[in-house]
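Working notes for the structure below.
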Amino acid sequence: MQDEQQLTPNQPVFSLSGKLALITGGGSGIGFDIARCMVQAGATVVITGRREQPLQEATNALGDQAYYMVNDVTERALLDDLVEQIEAAHGPIDILVNNAGINMKKPALAVTDEDFDRIVHTNLNSVFSLTRACARRMMARQRGSILMISSMAAYYGIDRVAAYAASKSGVEGMVRVLASEFSGNGVRVNAIAPGFIETAMSKTAMGGDPDRFARAMRRTPMGKFGQPDDIGWAAVFMASDAAKYITGVSLPVDGGNSIGF
Ligand code: NDP
């Protein structure tokens, strides 16, 4: 059988040179390092977020292969336009990274319907809408890579994050369904599931909660938090041609947290 994606000898398969990546929430934390690693691998990146200042600072730091758009992913009716504007300005989007996300730590009985909806709306519903907007165009071009950022909260029961875990578990299910629908058209869909990574979000979740921190570390065989670029390099690999036969998976990048005892 003819492999349309056959690589030529000496092709730099880990390179993202010539590819355009859209990274939501790319102004800070994990999203920023995904952008940084992708730029280092040769990609052009467009990062989004709600606040302009961090986006401006991030694009300055990333250099001339980086652009930003102020965008709130929860405004789902605007996402088709966002994709259209980016493609009109920069060309076809090859890589979508659904990184933007929010967390909330509360005992389940204290979570209001509004709390629950807000988390699921950002972390799951918006991810579907933006993915659909990009995938339509990627499918027509017969190429593309879509990455979701999942969580250990989708792998095992972490207390006080009911809405967050529900949203990330939904993302994991969506990866499998979308991969089964899109992959025949050259569009791969995968997730990266970070363990405990040093960012503003994890500082909020762990801050003032030494017991939670100790529990997280006890079951992490590498015995330390990950850095945002640990996710960044994994994202480069998953989006590159080196991963051309990988679709429908969730890759833990977690220092062993998901298999720790
Ligand atoms: P941060 O809180 O540090 O960064 C989140 C980013 O998302 C910010 O740049 C923020 O920008 C953006 N964002 C939030 N809401 C929206 C929105 N509605 N529209 C557009 N952008 C938005 O989080 P992390 O870097 O830690 O997390 C990134 C991803 O990784 C999330 O999906 C998170 O669930 C996941 N993750 C993180 C882990 C960790 O240990 N840190 C572990 C497992 C998963 P702005 O506020 O300007 O909109």
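The table that follows gives values for the structure above.
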{"item": "Odd one out for VAL236, checked against (1) in contact with a strand residue (DSSP E or B) (Cβ under 8 Å, 6 or more places away or on another chain); (2) open to solvent by less than 50 Å² (accessible area, probe 1.4 Å)", "result": "(1)"}
{"item": "Residues of segment 107-123 that turn out to be within 16 Å of the ligand (Cβ to nearest atom) and over 15 Å from GLY170 (Cα atoms), as a count", "result": "2"}
{"item": "Residue selected from segment 72-86 under the condition in contact (Cβ under 8 Å) with a residue 40 or more places away in the chain and closer than 20 Å to PHE32 by Cα, by the criterion surrounded by the fewest Cβ atoms within 10 Å (Cβ to Cβ)", "result": "THR74"}
{"item": "Scope segment 128-137; condition within 15 Å of the ligand (Cβ to nearest atom) and open to solvent by 10 Å² or more (accessible area, probe 1.4 Å); matching residues", "result": "PHE128"}
{"item": "Selection within segment 2-58 - away from the ligand (no atom under 16 Å from the Cβ) and outside any loop (DSSP other than H, G, I, E, B)", "result": "LEU20, VAL39, GLN40, THR44"}
{"item": "Exclusive hit being more than 18 Å from the chain's Cα centre (by Cα) and within 30 Å of MET139 (Cβ to Cβ), set GLY208, GLY173, GLY157, GLY184", "result": "GLY184"}
{"item": "Pair list, Cβ under 8 Å, 6 or more apart: segment 179-205 residue touching a residue at least 24 places away in the same chain (Cβ under 8 Å) and over 17 Å from ASP230 (Cβ atoms), other residue part of a loop (DSSP other than H, G, I, E, B) and within 7 Å of the ligand (Cβ to nearest atom)", "result": "THR204/ASN103; ALA205/ASN103"}
{"item": "Of residues in segment 155-197 being more than 20 Å from MET217 (Cα to Cα) and among the aromatic types (Phe, Trp, Tyr), the one farthest from the ligand (Cβ to nearest atom)", "result": "PHE182"}
{"item": "Cβ-Cβ under 8 Å pairs, at least 6 apart or on other chains, segment 138-154 side away from the ligand (no atom under 11 Å from the Cβ), far side among the hydroxyl-bearing types (Ser, Thr, Tyr) and not in a loop (DSSP other than H, G, I, E, B)", "result": "ILE146/THR131"}
{"item": "Segment 87-108 - residue that is within 14 Å of the chain's Cα centre (by Cα) and among the β-branched types (Val, Ile, Thr) and, of those, surrounded by the most Cβ atoms within 10 Å (Cβ to Cβ)", "result": "VAL97"}
{"item": "All positions within segment 239-255 that are under 12 Å from the mean Cα position of the chain (by Cα) and surrounded by fewer than 21 Cβ atoms within 10 Å (Cβ to Cβ)", "result": "SER250, LEU251"}
{"item": "Failed item, numbered, when ASP117 is tested on (1) over 19 Å from GLY144 (Cβ atoms); (2) open to solvent by less than 30 Å² (accessible area, probe 1.4 Å)", "result": "(2)"}
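The values are calculated or read from the model by the stated rules, or taken from the named source; none is laboratory data. Since this is a predicted model, take the numbers as computed values, not measurements. Neighbour counts run over all protein chains shown; Cβ positions are idealised from the backbone, glycine included. Keep in mind that these areas ignore ligands, DNA and RNA; they rest on the heavy atoms of the full protein, side chains included. Shrake-Rupley method; radii C 1.70, N 1.55, O 1.52, S 1.80 Å.
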